[in-house]
Each structure stands twice: as C-alpha cells, then as structure tokens.
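Read through the structure below, which is laid out as structure tokens, and then see the notes.
Derivation of every value follows stated rules applied to the coordinates shown; laboratory data play no part. Since the model is a prediction, treat every value here as computed from it, not as a measurement. Cβ sites come from the backbone with ideal geometry, for glycine too, and all protein chains shown count toward neighbours.
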Amino acid sequence: MKRYIPDFITSMNIACGAVGVIFAFNGRIDLAFIFMLAAAVFDFFDGFAARALDAYSDLGKELDSLCDCVSFGVLPAVMLFNCSNACQFGQSWTSWAVILICVFSALRLAKFNTDPRQTSGFIGLPTPACAILIGALCYYVAHDPSSVIAGWMASPVFVPVVSVVMSYLLISEIPMFSFKFHKGDPRPLVVKRIAMLAVIVVAVLLCVIFKLNWSLAAVIVMACYIVKNIIYCIFDI
C-alpha cells in the first residue's frame, strides 16, 4: 500500500494545478497563485515520500512530469495571459506569446526525464521556479494594479520578452542547483543552498519591514535564484 503514497501526493499536484487554471480563467489570480504554491508543495514532498518509503517507480516519474506540465506550464501561462490583458484593458495579440511558456515547459520536463546528468541538480531552469516567478508577478500586479510592475505588464513588449527569456532559461545548459538536501552532498552545494535560505529570510524581512505584499518576496527569491545560478555558471563556481 505504501508504494501508492508518492503517486497520490503527485496526483494532488495536478489537482491543485487544474483548480488554479480554472481560477485563472475566471480572473482570480490570487487564488490561482495559492493553488500553484500548493502544487509546488506536493511536487516537493512526492519525491521526499518516495525516498522515505523506498517507493520509486517509472509510473511515478512520468506522472510527476505530466502533473508539472499543467501546474507549472499551463497555469502560469494562463495567469500571465489574463493578467496582461487586464493591465492593457483588453486582449492584446502580444499576450499570446505565453504559449511559449507551455511549449518550453513541456520540452524542459521531457529533457529532464531523458537527461542522466540531472540526478542531484538541474540543467536549465526548473519549471516550478519559472512558474512561481511568473505567478508571483501576476499576484503582485493583481494586488496592486497601480504598481510599477503593473505598468510594465501593461506594455505590449513585456509578456513577449518574459516568455522568450523564461523559455530560453528552461531549455538552457545552465546548471542550477536543487533545493533538496541529500546525504553526502558536496560542501559547495550545501553552501549555495544555505545562501539561498538567507536570501529567502532577507526577502521576507524586507516585505515585513516595508509592508510590501508577500508575493514580492517570492519574486525576489526566484529572481535571485536565477541570477545566482547564471553567475555560478559564468565563473564556474
């Protein structure tokens, strides 16, 4: 019976993603982002459960990618599409660039499943990180339509640029570390993770001190994660 527990947790990932898509289509960007975060929690703990219960399976691996495609590919694209149109007070043809995020998220997940190099880390931006960055941006804009970020979102070039940049990062050859700790991890990798934990603490404190919306902390953390990994790649750290 225990071998089905990780698959059940994974299934909750896609359930949250599907509910999030429905909320996003109905303009509830706030609730869509909450369900995206819930999907990310289930995505994190299904692997943890599989390791703890020694319940790995090929079915679980494929199911995980299918779930991620919905929760971290389709959902952020729909959120960005609706948020962009709301900021531009009508549907813009440039908003359709979000389709790239869906396509390249699927390519990223297929690449992950067939790439033996990605056992303890990632090659390219993980789909949850991409989705959370986009989802947090949309949540922040929905919370404060008069913000600077909302002004960027109203620009006809913002969505295409974000879509192209994130799509490139998804399938790039840039090594990116995983947040999951494993026994026997090399010290430099542990240091990188601890540094990211420090970034999370600082981002949360900034939002609390300056009374900013909490979603901005998620934007800062994910942006720092991407920038730090690019720097590590450039300088071979």
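For the pair Arg51 and Trp96, a Förster radius of 30 Å applied to the C-beta separation gives a FRET efficiency near 0.15, rounded to the nearest 0.05.
Cys residues of the chain that find no other Cys beta carbon under 4.7 Å: Cys16, Cys67, Cys69, Cys87, Cys102, Cys130, Cys207, Cys224, Cys233. Between Trp152 and Asp115, the FRET efficiency estimated from the beta carbon spacing at R0 = 41 angstrom works out to 0.75.
Computed over the chain, the P(r) tail beyond 26 angstrom holds 38 percent of alpha carbon pairs. Taking 0.36 nm per residue of separation and subtracting the Cα-Cα distance, full extension of the segment from Val227 to Ile200 would add 8.3 nm.
The angle separating the long axis of helix 187-209 from the principal Cα axis of greatest extent in the chain is about 30 degrees.
Of the peptides 159-166, 132-139, 187-194, the ranking by mean beta-carbon count within 10 Å, highest at the top, reads 132-139, 159-166, 187-194.
Just to confirm the number: angle between the C-alpha axis of helix 158-171 and the first principal axis of the chain, 0 to 90 degrees, nearest 10? Result, in degrees: 10. Dipole of the chain computed with +1 at Lys/Arg Cβ and -1 at Asp/Glu Cβ about the Cα centre; of Ala38, Met79, Met153, farthest Cα towards the positive end is Ala38. For the chain, the Cβ-based charge dipole about the Cα centre amounts to some 440 debye (Lys, Arg positive; Asp, Glu negative; other atoms uncharged). Projecting the Cα atoms of Leu189, Pro6, Val165 onto the dipole axis of the chain, where Lys and Arg carry +1 and Asp and Glu carry -1 at the beta carbon, places Leu189 farthest toward the positive end.
Looking at the P(r) of the range 70-113, how many percent of alpha-carbon pairs lie beyond 12 Å?
Summing the P(r) of the range 70-113 above 12 Å gives 59 percent of all pairs.
Can you tell me the 0 to 90 degree angle between the C-alpha axis of helix 58-69 and the longest principal axis of the chain, rounded to 10? Between helix and principal axis, roughly 10 degrees. Spatially close Lys pairs in the chain, defined by Cα atoms under 21 Å apart and a spacing of eight or more places or different chains, total 8.
In this structure, the amide hydrogen of Ile123, modeled 1.01 Å from its nitrogen in the peptide plane, lies closer than 5 angstrom to those of Met176, counting only residues at least 5 positions away or on a different chain. Entry note: the range 61-154 has Rg to Rh equal to 1.05, where both radii use alpha-carbon atoms and Rh is the Kirkwood radius. Between Ser172 and Val41, the simple spin-label model (points 7 angstrom out along Cα→Cβ) gives 3.1 nm.
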